[in-house]
1. When the chain is modelled as a GNM with alpha-carbon springs shorter than 10 Å, which of Ala54, Ala14, Ala188 fluctuates the most?
2. Treating the range 1-123 as a set of equal point scatterers at the Cα positions, no solvent, please give the Debye-formula log₁₀ I(q)/I(0) at q = 0.17, 0.20, 0.22 Å⁻¹.
3. What percent antiparallel are the DSSP beta bridges of the chain, to the nearest 5?
4. Within the chain, what is the number of lysine pairs with alpha carbons under 18 Å apart, leaving out pairs fewer than eight places apart on the same chain?
5. How far is it, in nm, from the label point at Glu180 to the one at Glu356 when both lie 7 Å from their Cα along the line to the Cβ?
6. 5 Å is the cut-off here: which amide hydrogens, built 1.01 Å from N in the peptide plane, fall below it relative to Asn259, excluding neighbours closer than 5 in sequence?
7. Tell me, what ³J(HN,Hα) does each residue in the range 238-245 have, in order and in whole Hz, if you take phi through Karplus 6.51 cos²θ - 1.76 cosθ + 1.60 with θ = phi - 60° and put x for Gly and Pro?
8. Using a 10 angstrom cutoff on alpha carbons, build the Gaussian network for the chain and name the most mobile of Asn104, Asn113, Asn71.
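Read-outs: derived from the displayed coordinates by stated rules, not from any lab. This structure is a prediction, so every number in the text was calculated from the model and none was measured. A quick note on method: Cβ atoms are made from the backbone with ideal geometry, for glycine too, and the neighbour counts reach across all protein chains shown.
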Amino acid sequence: MDKRVGVIGGGQLAWMMAQEAPKLNIELIVQTSAQDDPAVSRAKQIIWADIDDAYATAKLATLCDVITFENEFINLTALQQLAQQGVCFRPSLNALAPLLDKYNQRSFLQQINLPVPKFSLWSSPDDLMANYEFPLVLKARRHGYDGQGTFIVKDLETLAALAQRIPVAELLVEEFIPFERELGIIAARNTWGEIAIYPVTETFQKNQVCHWTITPADVDQQVRQEVTAIARTILEQLEVVGVFGIEFFLTSDNRVLVNEIAPRTHNSGHYTLDGCDTSQFAMQLRAVSGLSLGSTNLKAAGVVMINLLGYEESESDYQVKRDRILEIAHSFVHWYGKTSRPGRKLGHATVLLDTEQLTQAESIISQIESIWYE
Ligand code: ADP
C-alpha cells in the first residue's frame, strides 16, 4: 500500500481528501501556489507552486509514492516527461489525455459509441447556421469550470460578439439539449481493475452552476442502468485508476447523453461525504494507493446536497446561517474557509432523508436555500 499521496491542486476537493487521509493512514502532500487554498490548512505538507509547474511536481514526486489530481488544468506535456522518468500518476496521463480538452473529450466519447450532443469545432457563422439552430452552445475547449466558459447563445448577434471576444480555435460548438433533468454519477476503479459505482444523482444547475443534488435520482430503472453502464464503459476503456464524476442530460423521452467527464472527484458527489459508507474522497485515496474499494451504499434512504454559493463580497464566515442550517435534523455543513465572492462555492450542506422524507427533498432544499440566500 502507498502511504504518501501527492495531490495537484489545493481547493476544496483536496481539502475533503485531506479530511479522509488520516483515517486511511495516508499522508497527503499538496501542490498549490495559493496561501488561502482550503487544503493548505489540512495537508501534511505543501509544495508551493502553480499546479501546472512541472518542476514543482518533480519535487512533489520525490516526497510521494503516487500523485493524483483534484483539478484538470494541468500541463500534460510537461508531466509526460516525469512519467517517462518513472513518476506514478493515478489516473495515468494516458487516461487523462483524451479528457482535458472538451472537443477531444466529446470525440473520444463518440469513438467509443457513447451518446453525446451533436458537436463540432468552430467554423464560419454561415456554416454553423446551416448545421445548428438557436439556441446553440459555445464552450471553451479548456479551463472552463462552473459554467465559466460555457455560453448558451440565442442569436446571431451574440454569436458574432462572442467570436470577436474569444479566439475561435479555442471553442467547441454544440447543440442545445432541452433536457428534462441533469444527472451525475461517481465511479471509481482501482489498480487491479475493481470498479465501484455510486447511485445515480439528480443535479440542478442555474446559470450553469450546480445549486443542489438529490440522491438517488428519481428515474426509471432503465435510465439508472444505462447511466451506470456508461460509467463502467468509460472507466474500463480508459483503464482509469481513481475516481471520475460523469454528468449527463436526460431528455423528456428518456434519452441519456453524456455531457462531461471530470477525471476527479466532483461536486455532484459531495453528498457521499455524509451520505455513503465510503466518501468519494476516501474512494479516490483507496483507488490510487492500491487498496480495495469501499462500499458505495447510502447510509440513508436519500441525501440532498446544497451548495452554499457566495452572493456578496465578504470576509464573513456566516456562522449564524450555518448554525441555523444545522438545526435541521440529520444535516451537516462543510465550510471551505474561503472569502465570499458572488457565485463562489463557499461550502455545502447535506441532509440525510428517511423513506418518508424522500418526497420532501425539494422542500428541504428550499428551506436551506432560504436560510442561506434570505
Ligand atoms: P462546466 O465544465 O463549466 O461545468 P458544462 O459543460 O458542464 O460546463 O456546462 C455547465 C452547465 O451548462 C450544464 O450543467 C448545463 O446545465 C448547461 N449546458 C451545458 N451544455 C449544454 C447543452 N449542450 N445543452 C443544454 N445545456 C447545456
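1. Ala54
2. Scattering profile of the range 1-123, log10 relative to I(0): -0.84, -1.03, -1.17.
3. 80
4. 15
5. Each label point lies 7 Å from its Cα, and together they span 3.0 nm.
6. Here Glu247, Phe248, Phe249 satisfy the definition.
7. The phi angles translate into 8, 6, 5, 10, x, 10, 10, x Hz.
8. The residue that fluctuates most here is Asn113.
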